[in-house]
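K.L.:
Input: one structure, supplied below.
The values are calculated or read from the model by the stated rules, or taken from the named source; none is laboratory data. Predicted model only: the values in this text are computed from it and were never measured. All Cβ positions, glycine included, derive from the backbone under ideal geometry; neighbour counts span all protein chains shown. Remember, those area values only see protein heavy atoms, side chains included, never the ligands or the DNA or RNA. Shrake-Rupley method; radii C 1.70, N 1.55, O 1.52, S 1.80 Å.
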Amino acid sequence: ASHLDLSAVSRLVSRSSPLRDSSLSMWPRRSVFPEPKPEVCVTFFSCVGTGVSGTSDLETIYPAAVRYLEAQRVPTAGRSERPLRYELAWLDNGGSEAARQAFLQQGAQIEHPLRNPTNEGLFRAVNDVWFRGRGCRAPYVLNLEDDREPHPHILAHGGVHGLQHLARAIRLLEEDEQLGGVRLKNEFSDGKIAAAAAAALGRPVPWQRPRGGGGAGYQRHCMELSSGFVWGSFSMAAVLYDRERLQSRVGLLMEGRPHDEIPYDYSEGQYAVRCALAGLCTARPHFAEACTDAEDDPTSDGAFEDGDEDEALPCHDVFFERRPPRARDLSEYEWFLWGTPLHTANRTASTLADAGPETRPSASPDDASAGAARRKGRSPNFIGLDCAGNALPSEALAAFDALSDATDALRDATVLARGGRVGSAALALRQAGGR
């Protein structure tokens, strides 16, 4: 973090304009600021609480992001795409106005510097900035939160040769209506989902090409519940999305209680399920400079076509996550399906699969103590805790208990494929989503 004398800075900077041209700026300067006609909105979200310390991580992420974005504007020989026009939006959830101003006075050039006096939750913040007109104007959005950073070798390549990742990603979104977004980060689940998709197809996942040739080859990456994961069609960060396509076909992310009290992954996963049911996938592109070593690549398991030696595997390892994810118990699988057609399908299938001599009763959202008592090893007086260690509100605990009975059977009977067969959840997905 910087230790600038902010009082000295304020004497040098006009009150009517941000620090844009001062030589005191610690960070790289944008070639155009503010951007009058942005095509990509890059969003940052910071907060206070749950182990996150305000803007401290953003002080690393912001300058790296600007270097990456400016590399998309570098004129190079053979450039096939136009220089990128981008805007930045930052919403600080629960931080002080003094902290916000201190960050901006270090030289951050952000078109939409926003703040909520209290932490209103990530998903309300995303809805506000992406969909409710509080921040983004551009048709495409790339979310970096406050901890997704481009790999150093990507920045080094961009500094010499320039980069065209985002322009090429936009081209894919323009041409393929089945895509909601284009991935720019490896996820732990990519390989397993891709292998399950290949098994369901009975052949390798095919490569797609932009019309007219050139550009980035890619593979569609869709939710395949036989993998045991709900991901594929959506991940919150380091994916370039078509904002209007998400809003019109999927809608807003779930926000407020109880969604803000449960682990982050459940609400993110629930939106991924809704994207899949809306018929959307993401693209896993091939960017040569973003390839990892084959032996380290989770997709190098024979699940893909290798007819093109230059594009045998998707390569999109552009960003990485600086903060290690917190350990979380995500065994309550039904949260991922909550409020979607799959929730009813899986509740029915899991109840039948788990029925013994006496059919297990279904829990009611109004019967929290009974639901808690039915949980394995859980007493009726069990108190649920959120990911920060705080007691869950009674409404959230009641919802957890209402869903708990089906969890184990759901995992065994419908999410995981048995004997090479696709689970009933995946079949229900195809029927509901028209795939």
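K.L.:
Among the residues of the range 228-249, how many are open to solvent by 20 Å² or more (accessible area, probe 1.4 Å) and of a type in the set (A, V, I, L, M, F, W, C)?
P.N.:
Of the residues in that region, 2 qualify.
K.L.:
Same structure again: Is there a residue being within 18 Å of Y264 (Cβ to Cβ), at pLDDT below 90 and touching a Ser or Thr at 6+ places or on another chain (Cβ under 9 Å) anywhere in the range 98-118?
P.N.:
Looking through the range 98-118, none of the residues is within 18 Å of Y264 (Cβ to Cβ), at pLDDT below 90 and touching a Ser or Thr at 6+ places or on another chain (Cβ under 9 Å).
K.L.:
Test each condition in (1) closer than 19 Å to H286 by Cβ; (2) modelled with pLDDT under 95; (3) assigned to a loop (DSSP other than H, G, I, E, B); (4) of a type outside the set (V, I, T) for A198 and report the one that comes out false.
P.N.:
Condition (3) is where A198 drops out.
K.L.:
Related question: Just one of the numbered conditions (1) outside any helix (DSSP H, G or I); (2) touching a Pro at 6+ places or on another chain (Cβ under 6 Å) is not true of G191; which one?
P.N.:
All conditions are met except number (1).
K.L.:
Among the residues in the range 131-144, are any charged (D, E, K, R), open to solvent by 50 Å² or more (accessible area, probe 1.4 Å), in contact (Cβ under 8 Å) with a residue 24 or more places away in the chain and not in a loop (DSSP other than H, G, I, E, B)?
P.N.:
No, every residue in the range 131-144 fails to be charged (D, E, K, R), open to solvent by 50 Å² or more (accessible area, probe 1.4 Å), in contact (Cβ under 8 Å) with a residue 24 or more places away in the chain and not in a loop (DSSP other than H, G, I, E, B).
Results for (1) aromatic (F, W, Y); (2) open to solvent by 10 Å² or more (accessible area, probe 1.4 Å), shown as yes or no for each residue.
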| residue | (1), (2) |
| --- | --- |
| G159 | no, yes |
| E175 | no, yes |
| V182 | no, no |
| S189 | no, no |
| K192 | no, yes |
| L201 | no, yes |
| Y218 | yes, yes |
| S226 | no, yes |
